[in-house]
Amino acid sequence: MAGGVPAAAAPQGRATPAQARAGWWLSAPALVLLAVGATGPLIVIVIYAFLAKGSYSGVEWELSFDAWFQVLFQRDIFDDTVSFADAHLAIFWRSVKLSVLTTALAFAVGLPTAWFIATRPAAQRTWWLFAITIPFWTNLLIRTFAIMEVIRNGGLMNSALIALGVIETPIQILYTDTAVLIGMVYVYLPLMVLPLYAAVERFDMTLLEAAHDLYASRLQALRRVVLPVIRPGIVAGSILVFVPSLGAYVTPRILGGGKNMMIGNFIELQFGQGRNWPLGAALSLILLVIVLTALLTLTRLTERNDGR
Amino acid sequence: MWGRRHVATLAKRGTAAQPSSMTGDGSPAVEARGARKAFGGFVALQGVDLAIAAGEFFTLLGPSGCGKTTLLRLIAGFEGPTEGSIHIAGQDVTADPPHRRPVNTVFQSYALFPHLSVFDNVAFGLRMLGRGDVDARTAAMLDLVALSDFAQRKPAQLSGGQQQRVALARALAPDPQVLLLDEPLSALDLKLRRQMQRELKRLQGETGITFVFVTHDQEEALTMSDRIAVMEAGRILQVGTPRAVYDEPATRFVAGFIGESNVLAGSVRDGIADLPGGRVPVAAPDGPVQVAIRPERVRLVASGTDGALGATLAQAVYHGTDLTAHLVLPDGTEVAARLPADAEPGAPGSAHGLAFDPGDLRVLAD
Amino acid sequence: MRRFDPTALPGFAFVAVVAVLALWAPIVTMVVYSFNASDSVAVWGGFSLEWYAVAAGNEAVQGAAIRSLWIAFCASAIATTVATMAALGTTRRGRFRGDRAIYAMVNQPLMVPEIVTAVALLIVFASLKVLTGYTGLGWLILAHSAFCVPFAYLPIRARLEGMDTTLEGAAADLYATPWQAFRRVTLPLLVPGIAAGAMLAFVISLDDVIITEFVKSAGQDTLPTYMLGQLRRAVTPEVNAISTALLVLTMALLTAFFAMTRTRKPT
């Protein structure tokens, strides 16, 4: 009897067992591909984090917690004393600090931008959105090169500032944390603007009139009415900026030079010159856990908001 | 315009289709036997028995959620009944998928294929059946709904009323045994709806196809149907001609849903009902009783008139064509009386008598 | 008196215009300097296509370009195929046990930092390369296919969800078998979604640096990894030219993508 019902006939509610089976079979090729090319290898990382470092590279197949020890501590090669691995902690701290700052700056710029676009006439909006979307889809590497050209010593920014007489000698921005910060805000800004725009576009502007009618100033209306209503968009934008910032590799490598590493570069180092695969695996797991925690926390925030 | 039944192609596909002569052998065009449908814990249809005769314009009428659309989907084959069976032209089609049933549907949303032209939409069913005369028949169908000039347009380029007619032509093109119409006029404005009501009635007369029409609009049901089934909460409360369901509502729900009704509660002894405000002869056994009276059957007479119920005027509302007096009986029951537009019922608070022909009182089953 | 406009927040328009200009200025500068005749990136020496000629004549660039396009083509074809099937499997039917798990797994590459996936693939594929003895482009295509899946899946799924399910019902009502209903109704309506998904997957594959950098064997540079390798203290004019060419290709694909997703949605 149920066999006579086409799959499309019951879009709501629960699928019939036949439909559920078909769903699994149709999804199977994608699941296999992802298991081999993405998810499965992540499990291997977990194993590697608990193995000993190989003498040249790779691993020795024996259980070891050295990698986890090395994340936080270092052993002096001469007298075997244990001390905090200050360099490691500095890298973690820089990564988190730069990611938080990137997210905050992107929001500070992104909200006005999204608001401005959403309040344009419908015909203009498409073009403004296009102006945000095209840079977003442009190769991250290309955009990082482009911003590098702007901020380097002989670049557009320094030349302009010298020409205007603001400074006499170029300011060294490239290869500093500031460069990485500018670069990350630059490359991830569209990821903040787009979800914010989606939220602002749905925002009922008569709510603002109501707020002003009830004696709210512009700032109060923004803080008490707009921001709470568009919170899901703020959360989505923050996730989209914070998560890739924390895992950033290309931008800090190019703009930060060799010294101003973030976690991503530090992980790469363990698989390259560092030749410490277990430490790299452990660091990857830590990064993964931080990212997933951030994702969960932020999505909880939206769900609670939607639940009301 | 065309042969009444083109069932050879359907029969070729091993469907339950039968020549029209066999639908005249006494078996109903559509029959539901104990059809029950539950979605998880929710029972949409509670064991419905229904027989629709061939060539009938049959309407399923009820408020939203009453199960009328579910019943239609059971007939079309989009849902399988949890219990019971569906028969079309005497054949059990319960296990047949939609594409093997000789019925076509006009969907509430029209469900026109947006990527196909009007012509290809109408020709769709004919092509699926592998019919030979696709072009001629499609052209004839477009002619029938007066859309020949729009054959190459896409559905999105048509007005709502035109889309509606394409949906009709598409569903009629394969010459089904039964045409199912799921609130097809609900998206149209009032004027267009009136026009389409007449159009549908004409098409049904010309084609002789059995129409099963779902609506929540009682006026639409009354004007178009040969017979109406009034549904509520997954049950059929009453089946009858429009006149029968209007004049002789079987239950309080039917009385209230079709047209307006005043429902009075009281008790009967020896053929006389003791109602609030007075006593009236009623053909009912002793015990508590509910009676219904249409507002247009209520007359206003002087207070204290013999055989009239005593009532107080609450409000008089002028409608242009007539005037409705809202009155209150001594126990608080509200009664509406439809009066001529020039009636002058007096000021709110004035006392009146409510008179009516005892023959206009309907004793309700519940 | 000027009308009070509650939506005009002070300073917002200024920030917005500056932000959009700031997004475009570096890109425009790069494009302009790719036509610079001077071999110094800082000095304008007149218009020239010299660097495009240099890049086009460079065998390493040729190889990387062909490799990039071939990988992107294969990866987007594979990813789109499996993503279309998965989208059909997870929409237009009721909820079923595990459907959320499928959704999470399909979108997993969007949630895990790319560097983590990259090192994970490095570990696994390095062993597999030794085990199988195969070191061809297949590994890169496999890795690219996997991370392209969600980019292909999301637009296709969105298209399917925006599609009226009664359309397939109407097809069945008009005597179409389930296969005919899919072939004649669902698939034609899904084509813009599939094309959009394929194009996104193509762009994403073309842009990838990190995973490619970790998975590639010797001599398997793609354009992005080649450019990353060329980086010294400043961007060379040749890299500017390659970047501009890639930019034009991406823009062309995206414009097509926009045109396609903006066509009327089925109602």
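The values are calculated or read from the model by the stated rules, or taken from the named source; none is laboratory data. Only a predicted model underlies this, so the values are computations on that prediction, with no experimental measurement involved. With ideal geometry, Cβ positions are generated from the backbone for all residues, glycine too; neighbour counts draw on all protein chains shown. Heavy atoms of the whole protein, side chains included, go into the accessibility calculation; ligands, DNA and RNA do not. Shrake-Rupley method; radii C 1.70, N 1.55, O 1.52, S 1.80 Å.
Using the beta-carbon distance between A:Thr299 and C:Val130 and R0 = 35 Å, what value does 1/(1 + (r/R0)^6) give for FRET efficiency, to the nearest 0.05?
Details: r = 40 Å, r/R0 = 1.15.
With a Förster radius of 35 Å, E is 0.30.
Membrane-span-like helices in chain B, defined purely by DSSP H runs whose alpha carbon atoms cover 24 Å or more axially and whose average Kyte-Doolittle hydropathy reaches 0.0, do not occur. Remark: accessible area buried at the B-C interface is about 2000 Å², both chains counted, probe radius 1.4 Å.
The mean number of partner chain beta-carbon atoms within 10 angstrom of a residue's beta-carbon across peptide B:126-133 is 3. Of the trypsin sites (Lys or Arg not before Pro) in the stretch A:166-265, the ones in a loop by DSSP (not H, G, I, E or B) with at most 13 other beta carbons within 10 Å are A:Lys259.
For chain C, which span is the longest to avoid every loop-located (per DSSP) member of trypsin sites (Lys or Arg not before Pro) having at most 13 other Cβ atoms inside 10 Å? Show your work: numbers first, answer last.
Numbers: sites that count: C:Arg2, C:Arg3, C:Arg97, C:Arg232, C:Arg233, C:Arg262, C:Arg264.
That would be C:98-231.
Across peptide C:100-113, the average count of Cβ atoms from other chains found within 10 Å of a residue's Cβ is 5. Based on Cα contacts under 8 Å between residues 6+ apart, the stretch A:15-88 shows a relative contact order of 15 percent. When the Cα gyration tensor is reduced to axis lengths a ≥ b ≥ c, the ratio a/c is 1.5 or higher for chain A, and with a/b not above b/c it is classed as oblate. Sorting B:Thr105, B:Thr312 on solvent-accessible area from highest to lowest, probe radius 1.4 Å, gives B:Thr312, B:Thr105.
Chains C and A: what accessible area do they bury, summed, in square angstrom to the nearest 100, with a 1.4 Å probe?
Values: alone 15960 and 18710 Å², together 26810 Å².
Buried area (both sides, nearest 100 Å²): 7900 Å².
The calculated 222 nm mean residue ellipticity attributable to helices in the protein assembly as shown amounts to -16000 deg cm²/dmol, summing -39500 (n - 2.57) over DSSP H runs of n ≥ 4 and dividing by all residues. Under the simplified labelling scheme, the B:Arg202-C:Asp5 pair shows an inter-label distance of 5.3 nm, with each label point 7 Å from Cα along Cα→Cβ. Modelled this way, with points 7 Å down the Cα-to-C-beta line, the labels at C:Val17 and C:Leu187 are 5.2 nm from one another.
Checking the a/c ratio against 1.5 first, then a/b against b/c, what shape does the Cα gyration tensor give for the stretch B:139-216?
On the way: a/c = 1.70, a/b = 1.10, b/c = 1.54.
Here the stretch B:139-216 falls in the oblate category.
Largest first, how would A:Ser83, C:Ser76 line up by accessible area (1.4 Å probe)? Walk me through the numbers before you get to the answer.
Values: A:Ser83 50, C:Ser76 10 Å².
In descending accessible area the options line up as A:Ser83, C:Ser76.
Under 1.5 on a/c is rounded, so check that first for chain C, then, if it is not, pick prolate when a/b is larger than b/c and oblate when it is not; a ≥ b ≥ c are the square roots of the alpha carbon gyration tensor eigenvalues. Cα axes put chain C in the oblate bin. Largest GNM mean-square fluctuation among A:Trp277, A:Trp137, A:Trp93, using chain A with Cα springs under 10 Å: A:Trp137.
Loop-located chymotrypsin sites (Phe, Trp or Tyr not before Pro) across the stretch C:163-194 with a Cβ neighbour count of 16 or fewer within 10 Å are lacking, with loop assigned by DSSP. Rolling a 1.4 angstrom probe over the protein heavy atoms with all chains in place gives the protein assembly as shown an accessible area of 43 Å² per residue.
Once you keep just the Cα pairs under 8 angstrom separated by 6 or more residues, what percentage relative contact order results for chain A? Mind dumping the intermediate values first?
Values: 345 pairs, mean separation 73.4, N = 308.
Computed value for chain A: 24 percent relative contact order.
Largest mean-square fluctuation among B:Arg165, B:Arg269, B:Arg101, in a Gaussian network model of chain B whose springs join Cα atoms under 10 Å apart, belongs to B:Arg269. Cross-link pairs exceeding 27 Å between alpha carbons, from the set A:Lys53/C:Lys129; B:Lys68/B:Lys154; A:Lys53/A:Lys97: B:Lys68/B:Lys154; A:Lys53/A:Lys97. Model label sites at B:Asp133 and B:Asp270, defined 7 Å from Cα along the beta-carbon direction, differ in position by 7.3 nm.
On the beta carbon distance between B:Asp286 and C:Arg95, with R0 = 56 Å, the FRET formula returns roughly 0.50.
Could you work out the mean count of beta carbons from other protein chains within 10 Å of each residue's beta carbon in C:159-166?
Working: counts 0, 0, 1, 0, 2, 9, 8, 11.
Taking all residues of C:159-166 together, the mean is 4.
Ligands, DNA and RNA aside, A:Met157 has an accessible area near 70 Å² when probed at 1.4 Å.
For chain B, the antiparallel share of DSSP beta bridges with both residues in that region comes to about 75%.
Each part reduced to its alpha carbon centroid, the stretch B:43-61 and the stretch C:154-195 end up 31 Å apart. DSSP beta bridges fully contained in the protein assembly as shown are about 75 percent antiparallel. For the stretch C:38-146, the set of chymotrypsin sites (Phe, Trp or Tyr not before Pro) satisfying both a DSSP loop assignment and a count of at most 13 other C-beta atoms within 10 Å is given as C:Trp44, C:Tyr134.
In chain C, which whole DSSP H runs stretch at least 15 Å along their own axis (Cα) and average 1.0 or higher on the Kyte-Doolittle scale? Kindly include the intermediate steps, with their values, before the conclusion.
Working: long enough: C:12-33 (32 Å, 2.43); C:59-90 (45 Å, 1.16); C:114-132 (25 Å, 2.08); C:138-161 (33 Å, 0.89); C:187-207 (29 Å, 1.90); C:237-261 (35 Å, 1.52).
Helices meeting the span and hydropathy rule in chain C are C:12-33, C:59-90, C:114-132, C:187-207, C:237-261.
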